[in-house]
Amino acid sequence: MSFLLKSMVSGQVKNLGLGGSDEEKKEEGGTLDPAAAAGMTREEYEEYQKQMVEEKMERDGLFAQKKAERATLRVHLREKYRLPKSEQDENQIQMAREDVELPEELRKMVNEDQEEEDDKDSFIGQIHSLQNMDADQIKEKAQATFSEIKQAAEQKCFIM
């Protein structure tokens, strides 16, 4: 009697669209086929799954490549500013399994920064920075330097 009642209730629930059919299959010992649940044949479902895995692998590869490029940039900056190396960055570069180079935009930025620093370090760069300074500031700086040199000489030489 309970089977008959259960069957009637599940039939009514099924008609309402509340999923009575899934419960019936589980009770009967049947398994749900994911392909049938997605409305595909088994071959279509397998192809779909294969395509999803390939796309995920491609996304993961691109993500690893970007991480390696960022790590490469950090390595270059650490070398430039003589900071300690990071093992994590080196591991990310190795995980990319390819020759990792800086992206073109980042390479241009690094080169521009290097050129600016080279210009500042050159004699002409020093002259340009002097032109930007105030004449009074240059005079004060020269007098302070002269005073320091004179004091150092007086301390070292007792004859003066």
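Tabulated data
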read-out: Distance between modelled label sites at Gln49 and Asn111, nm, 7 Å Cα→Cβ extension; value: 5.0
read-out: Inter-label distance, nm, simple model (7 Å from Cα along the C-beta direction), Ala144/Glu87; value: 4.5
read-out: Distant alpha-carbon pairs in segment 37-101 (separation over 21 angstrom), percent; value: 46
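Taken together, the values in this text are just the output of simple stated rules run on the coordinates, not laboratory data. Here the structure is a predicted model, which means the values were calculated and not measured. Ideal geometry is used to build each Cβ from the backbone, glycine not excepted, and the neighbour counts take in all protein chains shown.
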